[in-house]
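The values are calculated or read from the model by the stated rules, or taken from the named source; none is laboratory data. All of these numbers come straight from a predicted model, not from anything done at the bench. Don't worry about glycine lacking a Cβ; one is built from the backbone with ideal geometry, like all the others, and counts go over all protein chains shown.
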Amino acid sequence: MEKTYKISGMTCQACTRIVHHTILGVKGVKKATLDLSTHLAIIDMDENVDLAKLQDAFTKADSLYQIWEMEPGSAESHPGPWDTTAASKDLVTAYISAVGKLDHQQLEKHLHPSFTYKGPITCNSAQEYIQLIEEHANSPVASILVKNNIQAIFVDGDESCVIYDSESRFPDLKVPFVEWIKIKEGKIAATQVKFNRQQMKLLMQEVRKNQTRS
C-alpha cells in the first residue's frame with residue numbers, strides 16, 4: 001500500500017535524511033521515497049498507518065517537521081487544520097524578519113507588553129527579550145547570521161505556527177526553526193521555539209572558529 005504525503009520544514013538534504021530515518025522507524029512502514037524539490041514523501045506500508053502515528057514519530061524525535069496526506073489525484077497539498085489570516089501573517093512575517101536581522105528597534109514595534117518567550121532560555125517580558133536581541137546584535141553571532149527565511153505560516157485565530165530557516169554566511173548551515181505564536185491586540189504576545197539542535201551546534205562551532213581566526 002502506497003500513500004503520498006507532504007512534509008513541511010524539509011529544506012535540505014540533511015532534513016531529508018532525518019525525515020527518511022524517522023518515517024522508516026514507524027511500525028508498518030516498509031519503504032519511503034522522498035523528493036526534496038516538491039517536499040513529497042511516498043510511503044509504502046504493510047498496512048494502513050494512521051497519520052497521527054507518523055506525526056507522533058516526528059514529535060517524539062523532537063523534530064520540526066509536519067506531515068499530512070495528499071488528497072488522491074491532487075496536485076496541491078492539504079492545508080491541514082489551519083486557516084490563514086492576512087493581518088496575522090503580516091505581523092508574524094515582520095516579527096520573524098526583525099528577529100533574523102537582530103533589529104531590536106523594529107522588534108519592539110511588534111511585541112505586546114505582556115510578551116513571553118520560551119526557547120533555549122525564558123524571557124518574561126518584551127523588554128527582557130528586546131535586550132536579549134540587542135545583546136546578540138553586538139556579539140560575534142551577528143557577523144554570521146544573514147536572515148530568517150520563512151517556509152510556511154499557519155494561522156488559527158489568535159495562534160500561529162511559523163516554520164523558517166535561520167540562514168548564515170555558511171550556506172550549508174541553515175538552522176530550521178518552528179515557532180508557535182500567540183497574538184493579542186495586534187501584537188506578538190507569546191512564543192515558543194523549537195529548532196534543529198545539531199545544526200545549531202555546527203553553526204556555533206563555526207562562530208567560535210571565526211572568532212579564533214579574527
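In table form, for the structure just shown:
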| quantity | calculated |
| --- | --- |
| Residue match in region 163-176 (condition: modelled with pLDDT of 90 or more and under 22 Å from ALA87 (Cβ atoms)) | yes |
| First in region 127-144 and at pLDDT below 90, second anywhere and of a type in the set (Gly, Ala, Ser), Cβ under 8 Å, 6 or more apart | HIS136/ALA142; ILE144/SER168 |
| Boolean, LYS147 is assigned to a helix (DSSP H, G or I), modelled with pLDDT of 85 or more and surrounded by fewer than 19 Cβ atoms within 10 Å (Cβ to Cβ) | no |
| Scan of region 1-36 for residues that are assigned to a loop (DSSP other than H, G, I, E, B) and within 21 Å of ILE150 (Cα to Cα), ordered by number | GLY9, MET10, THR11, CYS12, LEU36 |
| Pick from region 160-182, criterion in contact with an Asp or Glu (Cβ under 6 Å, 6 or more places away or on another chain) and of a type in the set (Lys, Arg), ranking: surrounded by the most Cβ atoms within 10 Å (Cβ to Cβ) | LYS174 |
| Residue match in region 59-76 (condition: of a type in the set (Val, Ile, Thr), modelled with pLDDT of 90 or more and not assigned by TED's automatic domain parsing to the domain that holds PRO176) | no |
| Condition met for TYR164 (within 12 Å of the chain's Cα centre (by Cα) and either over 19 Å from SER88 (Cα atoms) or in a strand (DSSP E or B) (or both)) | yes |
| Qualifying position, being more than 20 Å from GLN13 (Cβ to Cβ), of a type in the set (Asp, Glu), outside the structural domain of SER8 (by TED's automatic domain parsing) and part of a helix (DSSP H, G or I), among GLU206, GLU179, GLU128 | GLU128 |
| Condition broken by GLN199, with the remaining ones in (1) within 28 Å of GLN66 (Cα to Cα); (2) part of a strand (DSSP E or B); (3) not acidic (Asp, Glu) satisfied | (2) |
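Yes/no matrix, rows are residues, columns are (1) in contact with a helix residue (DSSP H, G or I) (Cβ under 6 Å, 6 or more places away or on another chain); (2) crowded, with 16+ Cβ neighbours inside 10 Å:
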site	(1), (2)
GLU108	yes, no
HIS112	no, yes
GLY119	no, no
PRO140	yes, no
ASP158	no, no
LYS184	no, no
GLN199	no, yes
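Residues checked against (1) assigned to a helix (DSSP H, G or I); (2) over 17 Å from VAL162 (Cβ atoms):
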| position | (1), (2) |
| --- | --- |
| LYS89 | yes, no |
| VAL92 | yes, no |
| TYR95 | yes, no |
| ALA98 | yes, no |
| GLN105 | yes, yes |
| PRO113 | no, yes |
| TYR117 | no, no |
| PRO120 | no, yes |
